[in-house]
Amino acid sequence: MSKTVVHTSSAPAAIGPYSQAVGTGRLLFTSGQLGMDSATGELACGVEAQTEQAMRNLGAILQEAGLSYADIVKTTVFVVDLGDFATVNAVYQRFFEAEPPARSCVQVAALPKGGLVEIECIAVERE
């Protein structure tokens, strides 16, 4: 099975030796997205705004691959402070009208660029 690298200028460029996303077969695996503005390279202010921007960055990558939030089957959310869990959830749920994907949420010691939240996903192309 071959793989396809997905890149869009509508989401921040990778800040290391990795791709924004890689597709293989009907599956798309995204790299973690920080709440960073693709135009400025700056993080949004606060965990709520960073969550919103991270989800929008995922959306841009999904769109480039011909997919949408409805195609996400699994997300992993990384937060620096689990005390932000409710705030992250409030933003996150707005992106899923029905049947949200499976999800893990873990607290980490730190994120790149001093981010407060990072979100990655696996999506599947519908038959």
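Cα-based values for the chain, radius of gyration first and Dmax second, are 13.7, 42 Å.
Once C-alpha pairs closer than 8 Å and six or more residues apart are averaged by separation and normalised to the residue number of the range 49-102, the relative contact order reads 48 percent. Accessible area ranking (1.4 Å probe, heavy atoms, ligands and nucleic acids excluded), largest first, for Y92, Y18: Y18, Y92. Between S2 and E99, what is the label-to-label distance in nm when each label sits 7 Å out along the Cα-to-Cβ direction? Inter-label distance under the simple model: 3.0 nm. Each peptide in 41-47, 93-99, 3-9, 116-122 was scored by the mean count of other Cβ atoms within 10 Å over its residues; highest first, the order is 116-122, 41-47, 3-9, 93-99.
Placing K74, K113 in order of accessible area, with the largest value first and a 1.4 Å probe, yields K113, K74.
Rolling a 1.4 Å probe over the protein heavy atoms of the chain, with every protein chain left in place, gives an accessible area that is 52 percent carbon and sulfur. Per residue, the range 17-127 exposes 51 Å² of solvent-accessible protein surface, assessed with a 1.4 angstrom probe and all protein chains in place. Relative to the longest principal axis of the Cα atoms of the chain, the long axis of helix 46-64 makes an angle of roughly 10 degrees.
The values are calculated or read from the model by the stated rules, or taken from the named source; none is laboratory data. A quick note: this is a predicted structure, and the numbers were derived from the prediction, not measured. Cβ atoms come from the backbone with ideal geometry, glycine included; neighbour counts cover every protein chain shown. With ligands, DNA and RNA removed, areas are computed over all heavy atoms of the protein, side chains included. Shrake-Rupley method; radii C 1.70, N 1.55, O 1.52, S 1.80 Å.
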